[in-house]
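S.K.: Dumping the structure here so I can ask a few things about it.
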Amino acid sequence: MSVLLTNIGELVTNDPEHGAGLGVVPRAAVVVEAGRIAWTGPATRAPAADVAVDLGGRCVLPGFVDSHSHTVFAGDRAAEFAARMTGEPYTGGGIATTVAATRAAGEETLRARGQALVREMLGQGTTTVEIKSGYGQDVATEARMLRIARELTPETTFLGAHTVPAEYADDRAGYVELVTGPMLAACAPHARWIDVFCEPAATTAFDEDEARTVLLAGMRAGLLARVHGNQLAPGPGVRLAVEVGAASVDHCTHLSDADVDALAGSWTEGAAGTVATLLPAVEFSTRSPYPDARRLLAAGVPVALATDCNPGSGYSSSMSFVVALAVREMRMSPAEAVWSATAGGAAALRRDDVGDLRVGARADLTVLDAPNHLYLAYRPGVPLVHEVWKDGAQV
Ligand SMILES: [Zn+2]
């Protein structure tokens, strides 16, 4: 059965056939068939379909692709957030709090939280989400997190090397051996990606050599690489990501000229390079300086935007909020921000079937109660998502 979505005020396709950037078609229509985009263009030229749906002049864009989240966990760190915002001393354990709660939680508790967050994301227009492990930091809990994440999305990431857990504080090499040995063996069957928090400035994160060991072990096990890097201070994360051919390096808050050159250079030979994924909801929630998006864009580096939804450094699941932050705080244009939240996220996940509305792409669509995409940043905090379609069906 084919479905004609018509009377679209503005259609964002990210399809070069409809022009550069967002590939916007005004007064548009879309034909969906068998879960895929069959046709896009001006409504007056739309072909016939079995069913027609009038979208009342609303804006339609590709479903958001949230390429970085930590949405399977237990516990809550609201008190830590409040303390950070008010300058009160806080003696909580930070990520160790979440690790302890996640280890102690039953499988059903973890599954229910993950399902609820993914549902919350879908209701806000996110049709593709990546989910990481990293709050288990032991073999059984990491594998449990990834089994649950795999029920929720195909984009699952093994992040056993999130931090060094307290019991390995005096044996970092032993923890890297665990992560690259038995933990990897238990987790790789449930994961598509290998990730590491490469941040030598943080004592519980991983230095360049440790991070390289983790990434190469994951790649030998058949996983694709992505990296947490350069969040808290300048460091080797970005260049290591480019060195191993990672699809994305995430955070990119503290970059040297050499880092920017390495990212730009990764795209020069025609092959897919390393995307710079920016997570401004973390800088918002930790009251930290934002990444310099304009510097990356000026160098021609593809930029993705994602939520990093997690209980500690930023607990927003809203891609609309991230778009608004990118525009207001990082000086991205609304069009750049929407591209980065859709096509950019797809590039960061090396996916060519989501993030745009080219013919043949998955029919994952977000319909806004707004005439155009500018409203995402122009009306921050307002729930503008009218309806969401995934694989050609309204959800
Ligand atoms: Zn993260």
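The values are calculated or read from the model by the stated rules, or taken from the named source; none is laboratory data. None of the values given here were measured: they were computed from a predicted structure. In this analysis, Cβ positions are derived from the backbone assuming ideal geometry, glycine residues included, and neighbour counts consider all displayed protein chains. Heads up: the accessible areas ignore ligands, DNA and RNA and are worked out on the full protein's heavy atoms, side chains in. Shrake-Rupley method; radii C 1.70, N 1.55, O 1.52, S 1.80 Å.
S.K.: Hey, can you tell me all the residues within region 112-125 that are surrounded by 19 or more Cβ atoms within 10 Å (Cβ to Cβ) and away from the ligand (no atom under 16 Å from the Cβ)?
M.R.: R113, V118, L122, Q124, G125
Per-residue answers, yes or no, for (1) closer than 18 Å to R212 by Cα; (2) open to solvent by 40 Å² or more (accessible area, probe 1.4 Å); (3) of a type in the set (V, I, T):
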site	(1), (2), (3)
A225	yes, no, no
P234	yes, yes, no
A241	yes, no, no
T253	no, no, yes
L263	yes, no, no
W267	no, yes, no
A271	no, yes, no
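S.K.: Would you mention how many residues in region 63-92 are surrounded by 24 or more Cβ atoms within 10 Å (Cβ to Cβ) and more than 16 Å from the ligand (Cβ to nearest atom)?
M.R.: Counting residues in region 63-92 that are surrounded by 24 or more Cβ atoms within 10 Å (Cβ to Cβ) and more than 16 Å from the ligand (Cβ to nearest atom) gives 2.
S.K.: Right, another one. The conditions are (1) in contact with a strand residue (DSSP E or B) (Cβ under 7 Å, 6 or more places away or on another chain); (2) over 16 Å from E10 (Cα atoms); (3) open to solvent by 10 Å² or more (accessible area, probe 1.4 Å), and N372 fails exactly one of them. Which is it?
M.R.: So the condition that N372 fails would be (2).
S.K.: Within region 256-266, is even one residue within 14 Å of the ligand (Cβ to nearest atom) and assigned by TED's automatic domain parsing to the domain that holds I131?
M.R.: no
S.K.: Can you spot a residue in region 42-54 that is touching a residue at least 60 places away in the same chain (Cβ under 8 Å), buried (at least 18 other Cβ atoms within 10 Å of the Cβ) and touching a strand residue (DSSP E or B) at 6+ places or on another chain (Cβ under 9 Å)?
M.R.: no
S.K.: Identify, by number, the condition in (1) under 25 Å from M183 (Cβ atoms); (2) open to solvent by 30 Å² or more (accessible area, probe 1.4 Å) that A247 doesn't meet.
M.R.: A247 satisfies all of (1) under 25 Å from M183 (Cβ atoms); (2) open to solvent by 30 Å² or more (accessible area, probe 1.4 Å) except (2).
S.K.: Something else: From the list A293, A281, A299, A304, pick out the single residue that is more than 14 Å from the ligand (Cβ to nearest atom) and open to solvent by less than 10 Å² (accessible area, probe 1.4 Å).
M.R.: Criteria check complete, one pass: A293.
S.K.: On to the next question. Do we find a residue being under 13 Å from M330 (Cα atoms) and either touching a strand residue (DSSP E or B) at 6+ places or on another chain (Cβ under 9 Å) or in contact (Cβ under 8 Å) with a residue 24 or more places away in the chain (or both) anywhere in region 262-272?
M.R.: no
S.K.: In region 288-297, is there at least one residue being at pLDDT 95 or above, of a type in the set (D, E, K, R), at negative phi and touching a Cys at 6+ places or on another chain (Cβ under 9 Å)?
M.R.: Checking region 288-297: at least one residue is at pLDDT 95 or above, of a type in the set (D, E, K, R), at negative phi and touching a Cys at 6+ places or on another chain (Cβ under 9 Å).
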